[in-house]
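Report on one structure; see the data block that follows.
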Amino acid sequence: MPSNKPATTTPPAALPDGIEIFRAGRHLDDAGVAHHFSEADLDGMAASYSPALREAPLTVGHPKDNLPAYGWVKAVARTAAGALAITPHQVEPQFAEMVQAGRFKKRSASFYPPHAPNNPTPGKWYLRHVAFLGAQPPAVAGLKDIEFSEGDQAGAVNFSETVTTTQEPDDMSKTLQEQLEAAQAQLAAEKTARERAEADAAKHKAAATEAQEKATSFAEKARTDRKAGFVSFAESQVQAGRLLPKDKDMAVATLDALADVQPVEFAEGDSTRKVSPAQWLQDLIAAAKPAVNFGEFAPGNTGSQAQAGAAKGKSDAEVDQAADAYMRQHKVSYAEALTAVTASFTS
């Protein structure tokens, strides 16, 4: 026979009354600022709370705009044990099931301090929201939202844990002051060490730059002096007749290029000689027989002396310039050109 007993339904999950969210004592907020609350302060928090004035939501974590809300705080009271407790209502069943399953084991209270710009009860602490910590928000469709156009987070103070201690307030203040002074001393020491290291690095860099500039200046002066020596050598060889004036610049350029070449070693009898290519070329030129004598000779000289003497009254440069022009024009050797121009000077 069919049963006439009414079907039983399981009531939706709900949160119990009297959930503790805060205790009297000394607490550090999430910004690290210490606050001390007495039981009288908790009485003031409970008395100032009014859902009609501003209803505090139940949230997961500390959302910026108190969204989304998974339930609301109907009332706030202080328990006989000295804790601040809430009476929740309009709680989403799925959220309540997660709390009952132990998914959110810790709670965190967020308050408006007495002088916060958005505090609905200026001069008193006011509950902003109750955050459940320990899991991600449940995927519940159609959650109720609340809108605060003025940016509700301004001035809020969050207490993620309730800390109880037997240490006296004066002792705690002394300990915090000592820790602060130690941290400041460490930061000052690190700053001094960093500034000293930066100063040393700058000093070493300046010294290295100065040394490099001196080395560069010395090298440039050495190259200038070396080339001046090659010019002096070439001019002396032109005067001696071992180097033609037209070859002077080429000789200087060649000696300057060879000066940077590594010395060459070669056997000389039973010994080994090391000489730079530039020095070897200078020795070769200096040991050669004069090619042309541009000196002045007395009348009556014959041969090459008479030929050169015929150019009396002309400078070496003038004779060389005339011979070079004649050589280019008539396509003859320099010696033939020299003979021709010196003869022309006597005609």
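FYI, it's all coordinate maths here, none of it is from the lab. Nothing here was measured: the structure is a model prediction, and the numbers come from that model. Don't worry about glycine lacking a Cβ; one is built from the backbone with ideal geometry, like all the others, and counts go over all protein chains shown.
Quick notes on this structure:
- Protection proxy ranking, peptides 249-255, 109-115, average beta carbon neighbours within 10 Å, highest first: 109-115, 249-255
- A13 versus D30: modelled label distance in nm, points set 7 Å from Cα along the beta carbon direction: 2.4 nm
- Full-extension gain in nm, M250 to E318, via 0.36 nm per residue minus C-alpha separation: 22.6 nm
- Over region 195-247, all Cα pairs binned in 10 Å intervals from 0 give whole-percent P(r) values of 22, 23, 17, 15, 12, 8, 3, listed from short to long.
- Average Cα contact separation per residue, region 166-291, under 8 Å, 6 or more apart, as relative contact order %: 18 percent
- The residues packed around K274, meaning those with a beta-carbon under 14 Å from its beta-carbon, carry a net charge of -2 if Lys and Arg are +1 and Asp and Glu are -1.
- Once the Cβ-Cβ distance of T87 and A211 is raised to the sixth power relative to R0 = 51 Å, the FRET efficiency obtained is 0.05.
- Likely footprinting exposure, H27, H36, fewest C-beta neighbours within 10 Å first: H36, H27
- Per-pair calculated FRET efficiency, R0 = 30 Å: S236 and Q329 via Cβ, rounded to 0.05: 0.50
- Fully extending the segment from V275 to A189, taken as 0.36 nm per residue of separation minus the present Cα-Cα distance, adds 24.9 nm.
- Cα gyration tensor shape for region 207-284, rounded if a/c is under 1.5, else prolate or oblate: oblate
- Segment K64-K203, length gained on full extension (0.36 nm per residue, minus Cα span): 45.0 nm
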